[in-house]
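Here's the structure we're looking at; comments come further down.
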Amino acid sequence: MYTQSFLQSAPAATGAAAPLVAQDAQKQAAFDARISADGRIEPQDWMPAAYRKTLVRQISQHAHSEIVGMQPEGNWITRAPSLKRKCILIAKVQDECGHGLYLYSAAETLGVGRDQLLADLHSGKAKYSSIFNYPTLSWADVGVIGWLVDGAAIMNQIPLCRCSYGPYARAMIRVCKEESFHQRQGFEALLVLMQGTAEQRAMVQDSVNRFWWKCLAMFGPPDADSPHSAQAAHWGIKRVGNDELRQKFIDATAAQAQVLGVSLPDPELKWNEVRGHYDYGAIDWDEFWATVGGNGPCNKERLATRVKAHHDGQWVRDAALAHARKVQQRQRKGAA
Ligand SMILES: [Fe+2]
Ligand SMILES: [Fe+2]
(Lines give C-alpha, C1' and ligand atoms only; values in the text may rest on other atoms or scores of the structure.)
(Ligands and ions follow the chains in the order given, each with its own letter.)
Protein backbone atom coordinates (compact mmCIF):
# COMPACT_ATOMS: atom_id res chain seq x y z
CA MET A 1 0.00 0.00 0.00
CA TYR A 2 1.15 3.54 -0.63
CA THR A 3 1.42 5.58 2.52
CA GLN A 4 -0.14 8.98 2.28
CA SER A 5 3.10 10.84 3.02
CA PHE A 6 4.60 9.46 -0.16
CA LEU A 7 1.76 10.53 -2.41
CA GLN A 8 1.75 13.66 -4.45
CA SER A 9 -0.78 15.93 -2.74
CA ALA A 10 -3.89 16.55 -4.81
CA PRO A 11 -5.07 20.17 -4.98
CA ALA A 12 -7.39 20.67 -2.01
CA ALA A 13 -10.96 21.84 -2.60
CA THR A 14 -10.59 24.72 -0.15
CA GLY A 15 -9.15 28.21 -0.15
CA ALA A 16 -5.70 26.61 0.38
CA ALA A 17 -5.85 25.10 -3.13
CA ALA A 18 -4.02 27.91 -4.90
CA PRO A 19 -0.86 27.92 -2.68
CA LEU A 20 -0.76 24.11 -2.82
CA VAL A 21 -0.88 24.13 -6.62
CA ALA A 22 1.88 26.75 -6.70
CA GLN A 23 3.97 24.63 -4.32
CA ASP A 24 3.50 21.54 -6.49
CA ALA A 25 4.46 23.51 -9.60
CA GLN A 26 7.66 24.54 -7.84
CA LYS A 27 8.43 20.95 -6.83
CA GLN A 28 7.65 19.76 -10.35
CA ALA A 29 10.04 22.37 -11.78
CA ALA A 30 12.81 21.23 -9.38
CA PHE A 31 12.18 17.60 -10.36
CA ASP A 32 12.25 18.45 -14.09
CA ALA A 33 15.48 20.39 -13.66
CA ARG A 34 17.13 17.46 -11.84
CA ILE A 35 16.02 15.04 -14.58
CA SER A 36 17.25 17.24 -17.43
CA ALA A 37 20.61 17.72 -15.67
CA ASP A 38 20.84 13.88 -15.55
CA GLY A 39 20.74 13.94 -11.75
CA ARG A 40 19.38 11.20 -9.48
CA ILE A 41 16.05 11.20 -7.69
CA GLU A 42 16.26 9.77 -4.16
CA PRO A 43 13.47 8.32 -1.97
CA GLN A 44 13.10 11.48 0.16
CA ASP A 45 12.78 13.75 -2.91
CA TRP A 46 9.45 14.95 -4.26
CA MET A 47 8.46 13.15 -7.45
CA PRO A 48 5.35 13.17 -9.64
CA ALA A 49 2.83 10.44 -8.75
CA ALA A 50 3.05 8.99 -12.27
CA TYR A 51 6.86 8.67 -12.02
CA ARG A 52 6.49 6.86 -8.69
CA LYS A 53 3.77 4.58 -10.08
CA THR A 54 5.84 3.71 -13.18
CA LEU A 55 8.84 2.84 -11.02
CA VAL A 56 6.82 0.72 -8.58
CA ARG A 57 5.39 -1.22 -11.51
CA GLN A 58 8.72 -1.67 -13.28
CA ILE A 59 10.86 -2.49 -10.21
CA SER A 60 8.29 -4.89 -8.76
CA GLN A 61 7.82 -6.66 -12.10
CA HIS A 62 11.57 -6.98 -12.24
CA ALA A 63 11.70 -8.37 -8.67
CA HIS A 64 8.91 -10.85 -9.44
CA SER A 65 10.79 -12.01 -12.57
CA GLU A 66 13.89 -12.71 -10.50
CA ILE A 67 12.14 -14.93 -7.99
CA VAL A 68 9.81 -16.70 -10.43
CA GLY A 69 12.87 -17.19 -12.66
CA MET A 70 14.35 -19.41 -9.94
CA GLN A 71 11.80 -22.10 -10.76
CA PRO A 72 12.66 -23.33 -14.28
CA GLU A 73 16.34 -23.72 -13.38
CA GLY A 74 15.69 -24.83 -9.80
CA ASN A 75 13.96 -27.86 -11.34
CA TRP A 76 17.37 -29.07 -12.54
CA ILE A 77 19.37 -28.76 -9.31
CA THR A 78 18.73 -32.40 -8.33
CA ARG A 79 19.46 -33.59 -11.88
CA ALA A 80 22.63 -31.62 -12.65
CA PRO A 81 25.12 -33.93 -14.43
CA SER A 82 28.02 -33.39 -11.99
CA LEU A 83 28.80 -31.96 -8.57
CA LYS A 84 30.52 -29.00 -10.22
CA ARG A 85 27.44 -28.17 -12.34
CA LYS A 86 25.18 -28.63 -9.31
CA CYS A 87 27.25 -26.16 -7.21
CA ILE A 88 27.24 -23.59 -10.03
CA LEU A 89 23.49 -23.95 -10.54
CA ILE A 90 22.69 -23.65 -6.82
CA ALA A 91 24.83 -20.49 -6.65
CA LYS A 92 23.11 -19.03 -9.71
CA VAL A 93 19.60 -19.73 -8.44
CA GLN A 94 20.56 -18.17 -5.09
CA ASP A 95 21.85 -15.10 -6.96
CA GLU A 96 18.42 -14.71 -8.60
CA CYS A 97 16.79 -14.79 -5.16
CA GLY A 98 19.24 -12.09 -4.04
CA HIS A 99 18.32 -9.97 -7.08
CA GLY A 100 14.69 -10.27 -5.99
CA LEU A 101 15.65 -9.03 -2.52
CA TYR A 102 17.61 -6.00 -3.78
CA LEU A 103 14.73 -5.09 -6.08
CA TYR A 104 11.91 -5.53 -3.55
CA SER A 105 13.97 -3.33 -1.22
CA ALA A 106 14.35 -0.70 -3.96
CA ALA A 107 10.57 -0.81 -4.61
CA GLU A 108 9.89 -0.40 -0.88
CA THR A 109 11.78 2.92 -0.87
CA LEU A 110 8.90 4.22 -3.02
CA GLY A 111 6.45 3.67 -0.16
CA VAL A 112 4.92 0.34 -1.12
CA GLY A 113 5.12 -2.61 1.26
CA ARG A 114 6.56 -5.99 0.35
CA ASP A 115 3.36 -7.75 1.50
CA GLN A 116 1.39 -5.71 -1.03
CA LEU A 117 3.89 -6.40 -3.83
CA LEU A 118 3.74 -10.14 -3.17
CA ALA A 119 -0.06 -10.10 -2.85
CA ASP A 120 -0.23 -8.52 -6.33
CA LEU A 121 2.06 -11.22 -7.74
CA HIS A 122 0.11 -14.02 -6.10
CA SER A 123 -3.28 -12.75 -7.25
CA GLY A 124 -2.04 -12.50 -10.84
CA LYS A 125 -2.45 -8.71 -10.89
CA ALA A 126 1.29 -8.08 -11.26
CA LYS A 127 3.28 -9.50 -14.16
CA TYR A 128 6.71 -11.06 -14.43
CA SER A 129 8.86 -11.83 -17.47
CA SER A 130 6.95 -14.20 -19.75
CA ILE A 131 10.12 -16.16 -20.59
CA PHE A 132 9.73 -18.03 -17.30
CA ASN A 133 6.38 -19.47 -18.38
CA TYR A 134 8.12 -21.99 -20.63
CA PRO A 135 9.32 -25.39 -19.40
CA THR A 136 12.94 -26.53 -19.04
CA LEU A 137 12.84 -29.87 -20.83
CA SER A 138 16.52 -30.83 -20.91
CA TRP A 139 19.83 -30.07 -19.18
CA ALA A 140 20.78 -27.96 -22.20
CA ASP A 141 17.94 -25.59 -21.27
CA VAL A 142 19.90 -24.60 -18.15
CA GLY A 143 22.87 -23.59 -20.32
CA VAL A 144 20.65 -21.83 -22.85
CA ILE A 145 18.87 -19.87 -20.13
CA GLY A 146 22.25 -18.66 -18.88
CA TRP A 147 23.54 -17.83 -22.35
CA LEU A 148 20.42 -16.35 -23.94
CA VAL A 149 17.95 -15.39 -21.18
CA ASP A 150 20.55 -13.92 -18.83
CA GLY A 151 22.32 -12.50 -21.89
CA ALA A 152 19.14 -10.68 -22.93
CA ALA A 153 18.60 -9.57 -19.34
CA ILE A 154 22.08 -7.99 -19.25
CA MET A 155 21.39 -6.02 -22.45
CA ASN A 156 18.17 -4.75 -20.90
CA GLN A 157 19.65 -4.04 -17.50
CA ILE A 158 22.99 -2.34 -18.18
CA PRO A 159 21.23 0.92 -19.19
CA LEU A 160 19.22 0.68 -15.94
CA CYS A 161 22.45 1.25 -13.97
CA ARG A 162 22.02 4.87 -15.19
CA CYS A 163 18.31 5.03 -14.32
CA SER A 164 17.23 8.35 -12.80
CA TYR A 165 15.93 6.69 -9.62
CA GLY A 166 18.97 6.21 -7.35
CA PRO A 167 18.04 3.03 -5.42
CA TYR A 168 17.09 1.18 -8.63
CA ALA A 169 20.25 2.28 -10.46
CA ARG A 170 22.48 1.21 -7.55
CA ALA A 171 20.76 -2.18 -7.21
CA MET A 172 21.30 -2.81 -10.91
CA ILE A 173 25.08 -2.41 -10.71
CA ARG A 174 25.48 -5.52 -8.58
CA VAL A 175 22.72 -7.38 -10.44
CA CYS A 176 24.51 -6.79 -13.77
CA LYS A 177 27.84 -8.06 -12.41
CA GLU A 178 26.16 -11.27 -11.29
CA GLU A 179 24.17 -11.63 -14.52
CA SER A 180 27.41 -11.44 -16.42
CA PHE A 181 28.65 -14.50 -14.50
CA HIS A 182 25.35 -16.27 -15.27
CA GLN A 183 25.71 -15.62 -18.97
CA ARG A 184 29.28 -16.94 -19.06
CA GLN A 185 28.53 -20.07 -17.06
CA GLY A 186 25.67 -20.83 -19.47
CA PHE A 187 27.89 -20.35 -22.51
CA GLU A 188 30.64 -22.50 -21.01
CA ALA A 189 28.21 -25.31 -20.13
CA LEU A 190 26.98 -25.29 -23.74
CA LEU A 191 30.51 -25.21 -25.13
CA VAL A 192 31.29 -28.41 -23.21
CA LEU A 193 28.09 -30.08 -24.48
CA MET A 194 28.90 -29.04 -28.06
CA GLN A 195 32.25 -30.83 -27.76
CA GLY A 196 30.44 -34.00 -26.62
CA THR A 197 28.34 -36.58 -28.45
CA ALA A 198 25.98 -36.05 -31.39
CA GLU A 199 23.05 -36.45 -28.94
CA GLN A 200 24.43 -33.72 -26.70
CA ARG A 201 24.89 -31.36 -29.65
CA ALA A 202 21.34 -32.12 -30.82
CA MET A 203 20.04 -31.39 -27.30
CA VAL A 204 21.69 -27.94 -27.36
CA GLN A 205 20.33 -27.17 -30.83
CA ASP A 206 16.81 -28.22 -29.80
CA SER A 207 16.99 -25.95 -26.76
CA VAL A 208 18.27 -22.97 -28.79
CA ASN A 209 15.43 -23.55 -31.28
CA ARG A 210 12.84 -23.39 -28.48
CA PHE A 211 14.27 -20.35 -26.68
CA TRP A 212 15.61 -18.06 -29.42
CA TRP A 213 12.41 -16.28 -30.45
CA LYS A 214 11.15 -16.04 -26.90
CA CYS A 215 14.39 -14.27 -25.92
CA LEU A 216 13.95 -11.73 -28.71
CA ALA A 217 10.45 -11.00 -27.36
CA MET A 218 11.96 -10.30 -23.90
CA PHE A 219 12.94 -6.82 -25.13
CA GLY A 220 9.27 -5.93 -25.41
CA PRO A 221 7.19 -4.80 -28.39
CA PRO A 222 8.68 -2.56 -31.09
CA ASP A 223 9.09 1.03 -29.87
CA ALA A 224 6.33 2.16 -32.24
CA ASP A 225 3.85 -0.11 -30.35
CA SER A 226 5.14 0.71 -26.89
CA PRO A 227 3.28 3.85 -25.78
CA HIS A 228 4.84 4.09 -22.28
CA SER A 229 8.42 3.95 -23.60
CA ALA A 230 8.57 7.63 -24.61
CA GLN A 231 7.50 8.83 -21.16
CA ALA A 232 9.91 6.42 -19.43
CA ALA A 233 12.71 7.73 -21.69
CA HIS A 234 11.77 11.34 -20.86
CA TRP A 235 12.05 10.53 -17.13
CA GLY A 236 15.45 8.90 -17.55
CA ILE A 237 14.09 5.50 -16.49
CA LYS A 238 14.50 3.90 -19.90
CA ARG A 239 17.74 4.97 -21.56
CA VAL A 240 17.72 2.81 -24.71
CA GLY A 241 14.73 1.73 -26.87
CA ASN A 242 13.45 -1.86 -27.20
CA ASP A 243 14.43 -2.21 -30.87
CA GLU A 244 17.98 -0.94 -30.35
CA LEU A 245 18.53 -3.31 -27.40
CA ARG A 246 17.10 -6.25 -29.36
CA GLN A 247 19.42 -5.48 -32.28
CA LYS A 248 22.45 -5.27 -29.97
CA PHE A 249 21.56 -8.63 -28.49
CA ILE A 250 21.16 -10.26 -31.91
CA ASP A 251 24.45 -8.83 -33.18
CA ALA A 252 26.37 -10.05 -30.11
CA THR A 253 24.68 -13.45 -29.97
CA ALA A 254 24.98 -14.34 -33.66
CA ALA A 255 28.77 -14.23 -33.32
CA GLN A 256 28.69 -16.33 -30.14
CA ALA A 257 26.45 -18.92 -31.86
CA GLN A 258 29.15 -19.37 -34.50
CA VAL A 259 31.76 -20.06 -31.81
CA LEU A 260 29.43 -22.59 -30.20
CA GLY A 261 28.57 -24.22 -33.51
CA VAL A 262 24.79 -23.89 -33.17
CA SER A 263 22.48 -22.32 -35.71
CA LEU A 264 19.90 -19.71 -34.74
CA PRO A 265 16.42 -20.71 -35.98
CA ASP A 266 15.80 -17.76 -38.27
CA PRO A 267 16.24 -18.21 -42.05
CA GLU A 268 16.18 -14.43 -42.47
CA LEU A 269 19.07 -13.84 -40.06
CA LYS A 270 21.95 -12.42 -42.07
CA TRP A 271 24.59 -9.72 -41.83
CA ASN A 272 23.61 -6.47 -43.50
CA GLU A 273 26.76 -4.67 -44.64
CA VAL A 274 24.95 -1.37 -45.20
CA ARG A 275 23.26 -1.22 -41.79
CA GLY A 276 26.23 -2.76 -39.99
CA HIS A 277 23.81 -5.08 -38.18
CA TYR A 278 22.15 -8.46 -38.59
CA ASP A 279 18.73 -8.47 -40.30
CA TYR A 280 16.24 -10.81 -38.69
CA GLY A 281 12.77 -12.27 -39.24
CA ALA A 282 9.40 -11.31 -37.75
CA ILE A 283 8.65 -12.06 -34.10
CA ASP A 284 5.37 -13.82 -33.27
CA TRP A 285 3.81 -11.20 -30.98
CA ASP A 286 0.52 -13.12 -30.72
CA GLU A 287 2.31 -15.89 -28.85
CA PHE A 288 4.06 -13.32 -26.63
CA TRP A 289 0.81 -11.58 -25.68
CA ALA A 290 -0.98 -14.91 -25.09
CA THR A 291 1.75 -15.86 -22.60
CA VAL A 292 1.72 -12.43 -20.94
CA GLY A 293 -2.07 -12.84 -20.69
CA GLY A 294 -1.67 -16.02 -18.62
CA ASN A 295 -1.97 -18.67 -21.35
CA GLY A 296 1.63 -19.81 -21.68
CA PRO A 297 2.46 -23.48 -21.00
CA CYS A 298 3.59 -22.97 -17.36
CA ASN A 299 1.84 -19.80 -16.09
CA LYS A 300 -0.46 -21.64 -13.69
CA GLU A 301 2.25 -23.99 -12.44
CA ARG A 302 4.71 -21.13 -11.78
CA LEU A 303 2.19 -19.09 -9.83
CA ALA A 304 0.92 -22.08 -7.83
CA THR A 305 4.51 -23.03 -6.89
CA ARG A 306 5.22 -19.45 -5.81
CA VAL A 307 2.06 -19.16 -3.69
CA LYS A 308 2.76 -22.53 -2.04
CA ALA A 309 6.37 -21.50 -1.26
CA HIS A 310 5.06 -18.31 0.32
CA HIS A 311 2.59 -20.22 2.51
CA ASP A 312 5.17 -22.88 3.40
CA GLY A 313 7.52 -20.11 4.54
CA GLN A 314 4.99 -18.40 6.80
CA TRP A 315 6.39 -20.11 9.93
CA VAL A 316 9.85 -18.72 9.16
CA ARG A 317 8.50 -15.17 8.95
CA ASP A 318 6.47 -15.71 12.13
CA ALA A 319 9.51 -17.08 13.96
CA ALA A 320 11.73 -14.17 12.80
CA LEU A 321 9.16 -11.63 13.99
CA ALA A 322 8.71 -13.41 17.35
CA HIS A 323 12.48 -13.45 17.81
CA ALA A 324 12.77 -9.74 16.93
CA ARG A 325 10.05 -8.93 19.48
CA LYS A 326 11.89 -10.92 22.19
CA VAL A 327 15.16 -9.11 21.42
CA GLN A 328 13.39 -5.76 21.61
CA GLN A 329 11.78 -6.67 24.96
CA ARG A 330 15.14 -7.75 26.35
CA GLN A 331 16.75 -4.51 25.16
CA ARG A 332 13.97 -2.47 26.76
CA LYS A 333 14.35 -4.35 30.04
CA GLY A 334 18.11 -3.85 29.94
CA ALA A 335 17.69 -0.11 29.33
CA ALA A 336 15.11 0.26 32.18
FE1 LIG B 1 18.86 -12.06 -12.01
FE1 LIG C 1 20.57 -14.29 -13.89
## Note on the structure
Within the under-12-Å Cβ sphere about residue 42, not counting residue 42, Lys/Arg +1 and Asp/Glu -1 give a net charge of +2
### Probe 1.4 Å, all protein chains present, accessible-area order of 246, 174, largest first
174, 246
## Note on the structure
Surpassing 28 Å at the alpha-carbon level, of the pairs 238/308; 127/238; 125/177, are 238/308; 125/177
### Task
Could you please state, rounded to a whole Å, how far the C-alpha centre of segment 277-336 is from the C-alpha centre of segment 160-191?
20 Å
### Query
What's the longest piece of the chain with no exposed GluC sites (Glu not before Pro), counting a site as exposed if DSSP puts it in a loop and it has at most 10 other beta carbons within 10 Å?
1-267
### Task
Helix by helix through the chain, keep the DSSP H runs that span 15 Å or more along the axis on Cα and average at least -1.0 on Kyte-Doolittle, and give those back in order.
17-36, 49-68, 83-108, 166-194, 198-217, 242-260
### Task
Using a cut-off of under 20 Å, list every residue of segment 215-243 whose amide N is near the label point 7 Å from the Cα of residue 290 along the Cα-to-beta-carbon line.
215-222
### Query
Taking θ as phi - 60°, what are the ³J(HN,Hα) couplings along segment 141-149 by the Karplus curve (6.51, -1.76, 1.60), each to the nearest whole Hz, with x for Gly and Pro?
4, 5, x, 5, 4, x, 5, 8, 6
### Message
At 1.4 Å probe radius, can you tell me the per residue accessible area of the chain in Å²?
### Response
51 Å²
### Summary
With a 1.4 angstrom probe the carbon and sulfur portion of accessible area for segment 121-192, in percent, totals 62 percent
### Message
Please state the shape class of segment 241-336: rounded when a/c is under 1.5, otherwise prolate if a/b exceeds b/c and oblate if not, all from the C-alpha gyration tensor.
### Response
prolate
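The values are calculated or read from the model by the stated rules, or taken from the named source; none is laboratory data. Since this is a predicted model, take the numbers as computed values, not measurements. Positions of Cβ are generated from backbone atoms using ideal geometry, with glycine treated the same way; all protein chains shown enter the neighbour counts. Surface areas here come from the heavy atoms of the whole protein model, side chains and all, with no ligands, DNA or RNA. Shrake-Rupley method; radii C 1.70, N 1.55, O 1.52, S 1.80 Å.
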